[in-house]
Structure formats: structure tokens, C-alpha cells
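The values are calculated or read from the model by the stated rules, or taken from the named source; none is laboratory data. Because the structure is a prediction, the values reported are computed rather than measured. Here Cβ is always computed from backbone atoms with ideal geometry, including for glycine, and neighbour counts include all displayed protein chains. Protein only, heavy atoms only, side chains kept; ligands, DNA and RNA dropped before computing areas. Shrake-Rupley method; radii C 1.70, N 1.55, O 1.52, S 1.80 Å.
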Amino acid sequence: MKRAAIERTMLIASAAFLLTVPWLVPAIADRFWVSVIAEILIWSLLAASVNLLFGYVGLLSFGQALFFGFGMYGVAIGVEKLALGFWPALGLGIAAPVAMAIVAGIFAVRLTWHYFAIITVVFSLIFYFLALTMKPLTGGDDGISFTLPAVFKFGGAEWGFASATFQYFFILATVALCLYALRRLLGSPLGKAFMAIRDNDVRASLIGLNVYWLRLTAFVIAGFLAGLSGALFAFFGRYASASYMFYHVSGEAVVWAIVGGAGTLFGPLVGTGLFILIREVVSTHWQHHALIVGAVAILIVIFAPRGMVGLWRDFMGRWSGGEK
Amino acid sequence: MNAPANAPILRIEGLTKHFGGLTAVDDVTLEFAPGRLHAIIGPNGAGKTTLFNLISGFLPSDSGRVFFAGREITGLKPHRISRLGIARTLQVKSVFHQLSVADNLWITAQAQRGVLNPFRSTTSYRETCEKVERVLEQLGLAALANQQAGTLSHGDIALLEIGMAISAEPKLLLLDEPICGMSPAETARTVAKIRELAQTIEIVLIEHDMEVVFEIADDITVMAQGAILASGSPQAIAADERVREAYLGRAEDEDYIEEPVRA
Ligand SMILES: Nc1ncnc2c1ncn2[C@@H]1O[C@H](COP(=O)(O)OP(=O)(O)OP(=O)(O)O)[C@@H](O)[C@H]1O
Ligand SMILES: [Mg+2]
């Protein structure tokens, strides 16, 4: 089989698996794993936002949890305090992180490398502590729980996240749509401009690219992805909490993206899946599961600097190269 | 305002740049007439690259002004200057190393248009894609089109840099040691290419290879310690005593000039 054929087969098999999860998984294992897979899909968007910045524009952000948190709070405050329905609350859960990304980006993308990383951490810390103190709005440590609004109402019938199957497919469709849009973006002039900046920002400005605006654009798109991830997670967990804005969460997303394969479309999903599965499998037996996470991360960074997807590509390259 | 036909394509007035205590470019005033191939020569550290950095907006000048085709460009950002029609290559060769050779040319051509549509595929831009094909053919890089630029040989990277400069379709091209690191065959090909380009694009060339400079330049400017030492035709420069003493070294006979030793 040719390499392209193998990869297409794998893609189709993965898609078939993901489309049948709500029936397949309970048949072979506990129903609990359906929600683990939904959770993986949600968090993969946060990793994808790190990846867009780091893998395609060359900016390493340790602050993406800020936008995740704004997405969560946008939804929770929308539903609980403003009595919004599902769609307006989702809208608020997207608009709030995007607005935050514009503000943070205006300052952050003037800087690069560790300065950029530091300012993203500083921003997320400021808002983390603000969220902790603004108890009436954010619920502080306890966060905000809310009752789910329906997604669609038709006549007397209702569809919403109360149904695990509906919830799963809503999440799957959203993530699939985002990955498709990212794929289109990366094959577009804007995507090529991003990659040019990643490779060589000096040269990029000399060929006429406005590096500042392009970085800001990428930062806002990444804020959108992280925010959407948080908004979905709020509906998924029916609550929002400041703890998800802590830079620890940002750091995890960086590890997921890099281990999965920064600069590849599916790397973040693969990395997120790996680490959440490790967490779910190991943490029930052993409380120090973070050690395994650390060890896997270090091994992959040393032996596969382009992550798991990069490792796979090298393997396929050698294998199909040897076949000629 | 319409500039007269023989108005200088580039005019520099009293341009100065200090790095700490060092004056890298010292009150330089220069005019580049259109339709002629200009070369800037001078020993290492003379300030040639810094002069390019000031012209292309890559470094801010301490004082002085730059006019391009009659329009003042002093203090503009590099991408604005690039879009006005000034392209340059860098002395330390620099391309987009993870992009393919074709994509390097593609984004350089497209960047000049300003609009970067996120909803259209790069392959749907017929005009830009055809331009890329043309440049690949012209430079003999077609076979390497899909190779990652970072994996190219030094000579091919230098060629790609020139290709990128061409893809931008500039009015003025600043070349900083374009043949440095090239094999004799590549040098010959590149020199021929520069000559051909000079028919349609204004070119200013920094080069250490005296044979090449005296072969292709119409005008030569000599820089030393940040200042202009002399400026004129190759014959005038070759005959200039100060230039000989300060820079070119001992001439063995009238038209042979030794290549300066590089640091
Ligand atoms: N960014 C910078 N910061 C500090 N000093 C600089 C900088 N750029 C250049 N210089 C100094 O300015 C002087 C002029 O350097 P420049 O690179 O312009 O010389 P050049 O004529 O291009 O030399 P070469 O032929 O070696 O390329 C040198 O002494 C150099 O060390
Ligand atoms: Mg130089």
C-alpha cells in the first residue's frame, strides 16, 4: 500500500470510530469512556490554539488558559447571571475570549520568545487572581454552576447537552469544523504568511509582510480556539471556575501540543488524547500519575522532537522510501 | 509629482548611524541614477550592509533622509518600504527554511499584494502560481521546487534569495554579496542573471569579488569607515590613488586588481 493510501485509511478509520463512539464504546467498555473521549476532543482545541501560535507562527504562549477561562465564564455568566439561552451564551463564551485576545495580543505580540511567553503568563495570572477576588461575578474558588439550557427546541421536543449522545456529537461536530477550518487556513495565503513569520520574521518583514498585524491575527484566532474550548467545557461540566485559568492548565496544553506534534494539524489531538488517557487509566490506580506524564513528555521531546505525528511521518517516510 | 526621467531612483542625504561609540555610516550623501548598475565596495566593516539596513527601514537612522523615486521613505517600516518596490537580499542568506522552495517564492510574490485571504487556497491564485513557475525556470530551481528550503545547498539558497527578490517584482533591488559562497558555475549563472535583471530593475550591488564588480558595474561607490571614499566609473575608481591606497591594494598592471583579503 502507498503511504497516502495508508494515511487515508487511518483517517477514515478514525472518523468511523469517532462517529460511532456513543454506541461502540458502551458495547465494549464502560459508558464513562464516551465522556472521556468528548473531553479529549474539547481539550484538543486548547492544544490546537497553542499549536497555531507555536507550530505555525513561532510564538510560545503559556497563557492560553486565560482564554479558556474567559470562554468558560462567558458561558456560565451568560446562563446563570444573564439568563441567556444556549446560543447567546455560547456567543458570549466566544466573544469574551476573542475580545480578551485582542487586548492581550496588542501588548504580547510586540514581544517574541521568552518575553512573549512571560507576558502571556503575566496576563493569565492577573486575570486568575481577579477572578478569585471578584466573588459576586465569578464565584471565586467555588466557581459558578448552572443549569443547562436546551440547544434546540422544536415544538415540544428539546435537544441539549442533557443527552450524552447529543452532547458528544455537538462537540465532535464543533471540533471537526475547527480542524477543517484550520486546514483551509494553513493552505491559504494567510497560513503561508504565518509560516513565513515562524521561519524568519526578519525576512518576512523585508518581503512586505506586516509581522505585527499577522501575529496579532494569529493570536486572536488562537484566542478564539482556546475560548471555544473553554465554552464547550463549561457546557460539558455545567460550571466554570477560576482554577482553569491558572497557568498550570496552559502548561499542560503546551505539553500536549508539542508531544503530539507542533506544526501538524492532528498533533494536538493526538497529544491531548494520549495524556488524558494516561491520566484516566493511571490515576485510578496510582496517585502520582504526573510522574508518568512527565516521563513520557521528556522521552518524546528528546527522541521525537517533532512529536508523535512527526515520528509517524519519519517512520512512514523511511518505510515507503525503502519500498521504491 | 512626476519625477523627470533621469531623476535618481534613490537619493540619500546625510545618512548617519552610530552603534554606541562606533559610527557605522557617517554622513553619507549619495544619488543613484536610474538605468545603471551600481556597485558598492569597501573593506569589511566599512558600513555597506548597515547602509542597506538604513535604506530598507530595517534599522532607524540617527540622522539623514532617504528618497526613493522622489518619495521620502525615511522612518517607514520595512514592510511598507518593501511594498513601495524595494527588495533586498541579506548578506547572511536567509529564506523560510521550513517552507518549500516554491512556497518561498509564492509568499514573496503574494506578500506584495497586501491582502492575505484566509479562505482561498494558495493554488487558486493563477497569476502568482505562474510567476513562481517562471522564476523557478529562470533560476534553474524547478527540480527543487518541492524541497524544503532549509535542505538546499549554500549556492542554491543564494539563488533562491535572488528568486525571491525577483518574485516581488521590485523597482529597486539591493543585493548584499549575492555570489558569496557560490561555485564558479553558479557564480557565472548568477552574474548573467544579475546583468539580465539590470535591464528592467534598478540594482545596487554590494560585492567583494572585484572581478565581478568591474565586469558588471556601471558605477562604483567605495566606502571606508562609514564614509564615501570615492564614486565614479570603474575606470575612474581603478585609477583613483586614494582608493588604491586605502583599499584595493597594489595593482599589478593597469586593469588587474587584486581581490581584497576578507577578514
Ligand atoms: N546591529 C549592529 N550593532 C552593532 N554594531 C553593528 C551592527 N551592525 C553592524 N555593526 C558594526 O558596524 C560596522 C559596519 O558593519 P557593516 O556590516 O555595515 O559592514 P560591511 O561593510 O557590510 O562589512 P562586510 O564586508 O564585512 O559585510 C562594523 O564595525 C560592525 O561591527
Ligand atoms: Mg556586509
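A few points about this structure:
- Residues of the stretch B:72-84 that turn out to be more than 10 Å from chain A (Cβ to nearest Cβ) and of a type in the set (Gly, Ala, Ser), as a count: 1
Okay, residues lined up against (1) within 16 Å of ligand 1 (Cβ to nearest atom); (2) more than 30 Å from B:Arg71 (Cα to Cα); (3) assigned to a helix (DSSP H, G or I):
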{"residue": "B:His97", "(1), (2), (3)": "no, yes, no"}
{"residue": "B:Val115", "(1), (2), (3)": "no, no, no"}
{"residue": "B:Ala158", "(1), (2), (3)": "yes, yes, yes"}
{"residue": "B:Gly163", "(1), (2), (3)": "no, no, yes"}
{"residue": "B:Leu173", "(1), (2), (3)": "no, no, no"}
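- Residue that is surrounded by the most Cβ atoms within 10 Å (Cβ to Cβ) [pool: residues in the stretch A:179-219 that are β-branched (Val, Ile, Thr), over 21 Å from the mean Cα position of the chain (by Cα) and assigned to a helix (DSSP H, G or I)]: A:Ile197
- One residue alone among B:Thr190, B:Thr122, B:Thr108 is away from ligand 2 (no atom under 16 Å from the Cβ), open to solvent by less than 10 Å² (accessible area, probe 1.4 Å), within 11 Å of chain A (Cβ to nearest Cβ) and of a type in the set (Ser, Thr, Tyr), and that residue is B:Thr108.
- Subset of the stretch B:18-57 (residues that are assigned to a loop (DSSP other than H, G, I, E, B) and in contact with an Asp or Glu (Cβ under 9 Å, 6 or more places away or on another chain)): B:Ala33, B:Pro34, B:Gly35, B:Arg36, B:Gly47
- Note on the stretch B:193-212: among residues that are open to solvent by 30 Å² or more (accessible area, probe 1.4 Å) and touching an Asp or Glu at 6+ places or on another chain (Cβ under 8 Å), the one that is nearest to ligand 1 (Cβ to nearest atom) is B:Asp209.
- Within the stretch B:29-58, being farther than 23 Å from B:Gln199 by Cβ, more than 10 Å from ligand 1 (Cβ to nearest atom) and open to solvent by 40 Å² or more (accessible area, probe 1.4 Å) holds for one residue alone: B:Thr29.
- Taking the stretch A:113-124 as the range and being of a type in the set (A, V, I, L, M, F, W, C) and open to solvent by 50 Å² or more (accessible area, probe 1.4 Å) as the test, the residues that pass are A:Trp113, A:Ile118, A:Val122.
- When the stretch B:190-208 is filtered for residues that are touching a helix residue (DSSP H, G or I) at 6+ places or on another chain (Cβ under 8 Å) and not hydrophobic (A, V, I, L, M, F, W, C), the ones remaining, listed by number, are B:Thr190, B:Lys193, B:Arg195, B:Glu207.
- Residue match in the stretch B:69-87 (condition: open to solvent by less than 20 Å² (accessible area, probe 1.4 Å), within 16 Å of ligand 2 (Cβ to nearest atom) and part of a strand (DSSP E or B)): no
- A:Ala240 meets the stated requirement of being surrounded by 24 or more Cβ atoms within 10 Å (Cβ to Cβ), more than 7 Å from chain B (Cβ to nearest Cβ) and modelled with pLDDT under 95.
- Verdict on B:Leu172 being at pLDDT 90 or above, more than 16 Å from ligand 2 (Cβ to nearest atom) and more than 15 Å from B:His38 (Cβ to Cβ): no
- Under the condition of being facing another protein chain (nearest Cβ under 7 Å) and in contact with a Ser or Thr (Cβ under 8 Å, 6 or more places away or on another chain), the residues counted in the stretch B:87-96 number 1.
- Unique match (being within 16 Å of ligand 2 (Cβ to nearest atom) and surrounded by fewer than 17 Cβ atoms within 10 Å (Cβ to Cβ)) among B:Gly150, B:Gly181, B:Gly140: B:Gly181
- The lone exception for A:Phe70 - which of (1) free of Cβ contacts under 8 Å to residues at least 12 places away in the same chain; (2) hydrophobic (A, V, I, L, M, F, W, C); (3) under 16 Å from A:Thr120 (Cβ atoms) it fails: (1)
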